[in-house]
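*Asks:* The structure under discussion is supplied below as structure tokens; questions concerning it will follow.
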Amino acid sequence: MALIGYMEGTDPNLLSSLCAQGNDTAPLGNGSDGHGKYIAHITASDEIDLVIAYLHKLISVSGMENVSIDDRLFACRRHDIPVLIVVPDEYKQGARSRMEESREYVDLVAPEQLEGKVKELLK
């Protein structure tokens, strides 16, 4: 079915549910967490259909202050991979203000709406 790239912190119950429905998952990292393939290095050959990330995993981290959210999501935009960034509703505007090129590309989704949005995109 689909290959879902996810960053550390993604709800394991959601990931298990998606796998039980026939999907696969692939861990992605922010360049400093060592969690999986660096999200900025995704290629078309990875065949990722969707990326799930929590906002805090995309914000610049110590030692990588010059790497923006847009830098980290460049490969997703380039390869037309939908990105869901998990952030509570009341902070969505603040999250968008931290992006430039990615602002209109990503979907910001509240944690309680994540599973429904994933299923909608995978149809």
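*Asks:* Viscosity 1.002 mPa s, temperature 20 °C: give me the Stokes-Einstein translational D for the chain in µm²/s, with Rh taken as the Kirkwood radius over C-alpha pairs.
*Replies:* 149
*Asks:* Oh, and also: For region 3-122, what's the relative contact order in percent, using C-alpha pairs closer than 8 Å and at least 6 residues apart?
*Replies:* Dividing the mean separation by the residue count of region 3-122 yields 22 percent.
*Asks:* Further, regarding this structure: Say each of ASP80 and GLU100 gets a label point 7 Å from the Cα, pointing the same way as Cα to Cβ; how far apart are those two points in nm?
*Replies:* 2.6
Read the figures in this text as sums done on the coordinates, not as results from a lab. In this text the structure is predicted, and so the values were computed from the model without any measurement. Cβ sites come from the backbone with ideal geometry, for glycine too, and all protein chains shown count toward neighbours.
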